[in-house]
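Written below as structure tokens is the structure these notes are about.
The values are calculated or read from the model by the stated rules, or taken from the named source; none is laboratory data. Owing to the predicted nature of the structure, the values given are computational and were not obtained by experimental measurement. Methodologically, a virtual Cβ is constructed for each residue, glycine included, from the backbone with ideal geometry; neighbour enumeration extends over all protein chains shown. Just the protein is used for accessible areas: all its heavy atoms, side chains included, with ligands, DNA and RNA removed. Shrake-Rupley method; radii C 1.70, N 1.55, O 1.52, S 1.80 Å.
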Amino acid sequence: MREPDHHLPHLRWSRLTLEQRVRLAALITAQARAARTQAMRDLLRGLCRLLLRVPFTIVAGWRAVALWHTRRRAMRELNEFDDRALHDMGIRRSEIEAAVFGRRH
């Protein structure tokens, strides 16, 4: 939906003189160029913000994967212990995953 333009006079084109038409056409063109320039600035600003986030997202993803691998390794190692050794550590076999992932009661 088109917004009303409050900067342009609401005149009928046919009633304007040639000089008024030329000035009005120049005004419309200038406003269109300014609007396009602002839209391009906004687009590039948004794109730059997005591109700046990409490295942080990659690093966060890498850290999450590394943490997941570390936790899985800890679960494998704890599962290798017998029940008595686990009892000495204060956990039951059914609590290994919760203990490793920090959800222990």
Tilt relative to the chain, helix 18-80 - C-alpha long axis, 0 to 90 degrees, to 10
0 degrees
With 0.36 nm assigned to each residue of separation and the Cα-Cα distance removed, Arg93 to Ala32 gains 14.9 nm
Take the solvent-accessible surface of the protein heavy atoms, probe 1.4 Å, and return the percent of it on the chain that carbon and sulfur atoms account for.
59 percent
Mind sorting out which of (i) 2.58; (ii) 1.15; (iii) 1.00 is the real Cα Rg over 2.2 N^0.38 Å computed from the coordinates?
(i)
Any idea how far apart Leu24 and Arg71 come out in nm if each label point goes 7 Å out from Cα toward Cβ?
6.8 nm
Per residue accessible area in Å² of the chain, where ligands, DNA and RNA are left out and the probe is 1.4 Å:
92 Å²
Just want the answer: with Cβ charges of +1 for Lys and Arg and -1 for Asp and Glu, which residue in Ser94, Ala34, Leu44 is farthest toward the dipole's positive end in the chain?
Ala34
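What do you get when you divide the Cα radius of gyration of segment 11-67 by 2.2 N^0.38 Å, with N the number of residues?
This ratio for segment 11-67 stands at 2.31.
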Using only the C-alpha atoms of segment 35-87, find the volume of their convex hull and express it per residue in Å³.
68 Å³
What is the sum of charges around Leu47, taking Lys and Arg as +1, Asp and Glu as -1, for the other residues whose C-beta is under 15 Å from the C-beta of Leu47?
+3
